[in-house]
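The values are calculated or read from the model by the stated rules, or taken from the named source; none is laboratory data. Given the structure is predicted, the values throughout are model-derived calculations rather than measurements. No Cβ is skipped: glycine too gets one built from the backbone with ideal geometry, and neighbour counts run over all protein chains shown.
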Amino acid sequence: MDLWVKRHVWPLLALGLILVLGGPLWAQTARTSPSTPSDATPNQSLIAPTQPTQPPVGGITTLPSVAPVAEKSKPAVVNIFTVKTFNSRRFGGRNRQPNRQFPGPFPFPENPFEEFFGFPQAPPQVFRERALGSGFIIDREGYVITNNHVVEGADEIKVKLDDKQEIEAEVVGRDPKTDLALIKLKKKGNYPFLNFGDSDKVRIGDWLVAIGNPFGLEHTVTTGILSARGRAIGAGPYDDFLQTDASINPGNSGGPLLDLNGEVVGINTMIIAGGNGIGFAIPSKLARKIVDQLKSRGHVERGWIGVVIQPLTNDMVKTFGVDSVKGALVGDVVKDTPAARAGLRHGDIILEFDGQSINEYGDLTTVVADTPVGKTVNVVIVRDKKRTNLKLTVDRLVDDSPTSPSLGGSNIDLGLSLREITPDIASRLNLEDSNGLLVEQVAPNSLADAAGVKARDVIVEVDHKPIKSLGDFNSAIRSHSKEEPILLWVKRGDRNLYLPVSLK
């Protein structure tokens, strides 16, 4: 027993005595060590603190909360649900679309084999395609901005508010070139609305907030920054997108992109497929001008001068006698246009238009489009290495893409694809003038098809009102009562005839 105590107990007691007596001495040594400041407190960490980083610009040490923006803005953000109706006939178990413009080999209304063998012909079947998008209210009357692709061709439009109300809406005007549309709630009320901000004042890196209806998830709020501006991505002739990494997904189209003041600086429009954090929005500076015209006219009127332009390259600079690649190089001039009458030639470099500098060639398209029709402007060009001035009177751009108008926002599709008639089209079709609208296509089983409208007809009048543009057509049918047929006066070949289009 004594041996066991000597071997195990006494060493433990000795170790404890050393710790008791040596602890204060060790602690004192640590406090007075040259590696530690003599005025350090007993609880101060012995680990040297990390050197402070450079303070953030503006002194902001925490990210801002977007909760105030979301709370303020959400009541004016809406979800948009649309329905498009398609008609088709079924024959022999297969879809069959009669085409009156391009008939088959038999000079009869229908194929004689069908009648001979007695195949059953089912009545037309109706297919309904549903889609969703976003938008936001811009005034107390209930005008709503969204994307054109959200409501284009829709037969029914319903808008769901933040308080869960569902209200029918009608199209006021659309602009496919910028993918913007203006609709109006049919129910009168005193609605909450959002104000436009200045997209030009938003800086790269500023925080932005997107609110919308992605994948049907109502009033989803996401955040990001302004990644870039002035993006041209091939969506249209007036590309000038804001790029953001705020999450934008299918269903966000038409929703607002907000600054931290809760003002709209962009309209969310598209994403890059397969991209991560790459979304695009139409800047508010452009959207405001488009919306004002849609509200007052139902369509957008743009200036046009009749030139084909291209960018300058560094290899061209010396050849054309300019100092930089700024400006728009004229590749061609269309005959009998404002540019031709003003004396513009291919090879000219346009540096200024109506007092505005043309830094990149795409600037000219936007500047000309924004110039009032009929205005005479000064154009500064370089020709033969010499700077000179020309006077030019801006004309109206004639839309060269077929448009399918609907009945004054009531969304009743007439089934027509119409094109404004240019002098070139009039010449090719042997028309006496460019008045009226050319019918390019008639949808089978549509209202216009039932009325007997055919491709290559020219609509000269609607309800006894002369038609010279798509704007005239939209204005005429917008004022038409849905209880009565629309009376079209059309030119077909060398004769004119009236065609009533029944809406029932």
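Could we say that Leu180 is assigned by TED's automatic domain parsing to the domain that holds Asn147 and on the phi < 0 side of the Ramachandran plot here?
When the stated conditions are applied, Leu180 passes them.
Could you identify the single residue in Gly262, Gly230, Gly212, Gly197 that is among the small types (Gly, Ala, Ser) and surrounded by fewer than 17 Cβ atoms within 10 Å (Cβ to Cβ)?
Numbers: Gly262 fails: surrounded by fewer than 17 Cβ atoms within 10 Å (Cβ to Cβ); Gly212 fails: surrounded by fewer than 17 Cβ atoms within 10 Å (Cβ to Cβ); Gly197 fails: surrounded by fewer than 17 Cβ atoms within 10 Å (Cβ to Cβ).
Unique residue meeting the criteria: Gly230.
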Do we find that Leu182 is part of a strand (DSSP E or B), in contact (Cβ under 8 Å) with a residue 40 or more places away in the chain and of a type in the set (A, V, I, L, M) in this structure?
yes
For the stretch 177-205, which residues satisfy the criterion of being hydroxyl-bearing (Ser, Thr, Tyr) and out of contact with any Lys or Arg (no Cβ under 6 Å at 6 or more places or on another chain)?
Thr178
Which is in contact with a Phe, Trp or Tyr (Cβ under 7 Å, 6 or more places away or on another chain) and surrounded by fewer than 21 Cβ atoms within 10 Å (Cβ to Cβ), of Thr269, Thr223?
Thr223
For the stretch 428-443, state whether one or more residues are of a type in the set (Gly, Ala, Ser), out of contact with any His (no Cβ under 6 Å at 6 or more places or on another chain), within 19 Å of Lys335 (Cα to Cα) and in the same structural domain as Lys482 (by TED's automatic domain parsing).
yes
In the stretch 326-345, is there at least one residue being of a type in the set (S, T, N, Q), under 19 Å from Thr376 (Cα atoms) and touching a helix residue (DSSP H, G or I) at 6+ places or on another chain (Cβ under 6 Å)?
no
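Out of contact with any strand residue (DSSP E or B) (no Cβ under 6 Å at 6 or more places or on another chain) and more than 30 Å from Val172 (Cβ to Cβ): does that describe Ser296?
no
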What tally of residues in the stretch 445-470 results from selecting those that are touching a residue at least 60 places away in the same chain (Cβ under 8 Å), farther than 17 Å from Ala426 by Cβ and either surrounded by fewer than 19 Cβ atoms within 10 Å (Cβ to Cβ) or aliphatic (A, V, I, L, M) (or both)?
3
Among (1) touching a strand residue (DSSP E or B) at 6+ places or on another chain (Cβ under 9 Å); (2) without any contact (Cβ under 8 Å) to a residue 60 or more places away in the chain; (3) part of a loop (DSSP other than H, G, I, E, B), which single condition is Tyr191 missing?
(2)
List pairs: first in the stretch 127-143 and more than 16 Å from Ile157 (Cβ to Cβ) and assigned by TED's automatic domain parsing to the domain that holds Glu156, second of a type in the set (Gly, Ala, Ser) and assigned to a strand (DSSP E or B), Cβ under 7 Å, 6+ apart or cross-chain?
Phe127/Ser88
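Out of curiosity, is Thr365 assigned to a helix (DSSP H, G or I) and under 16 Å from Leu397 (Cβ atoms)? Working first, answer last.
On the way: assigned to a helix (DSSP H, G or I): yes; under 16 Å from Leu397 (Cβ atoms): yes.
Criteria met by Thr365.
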For the stretch 309-329, which positions are without any contact (Cβ under 8 Å) to a residue 40 or more places away in the chain and either part of a strand (DSSP E or B) or loosely packed, with under 14 Cβ neighbours inside 10 Å (or both)?
Thr313, Asn314, Asp315, Lys318, Thr319, Asp323, Ser324, Ala328, Leu329
Within the stretch 395-411, residues outside any loop (DSSP other than H, G, I, E, B) and at pLDDT below 85 come out as Thr403, Ser406
Options Leu414, Leu392; residue that is surrounded by 19 or more Cβ atoms within 10 Å (Cβ to Cβ), at negative phi, at pLDDT 90 or above and not acidic (Asp, Glu):
Leu392
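For the stretch 133-175, enumerate the residues that are part of a loop (DSSP other than H, G, I, E, B) and either among the aliphatic types (A, V, I, L, M) or surrounded by 24 or more Cβ atoms within 10 Å (Cβ to Cβ) (or both). Can you show your working first?
First, pick out the residues of the stretch 133-175 that are part of a loop (DSSP other than H, G, I, E, B): 138-142, 147, 152-155, 161-165.
Listed by number, the residues that qualify are Ile138, Asn147, Ala154, Leu161.
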Has the stretch 344-359 got any residue that is crowded, with 20+ Cβ neighbours inside 10 Å, under 13 Å from Thr393 (Cα atoms) and at pLDDT 90 or above?
yes
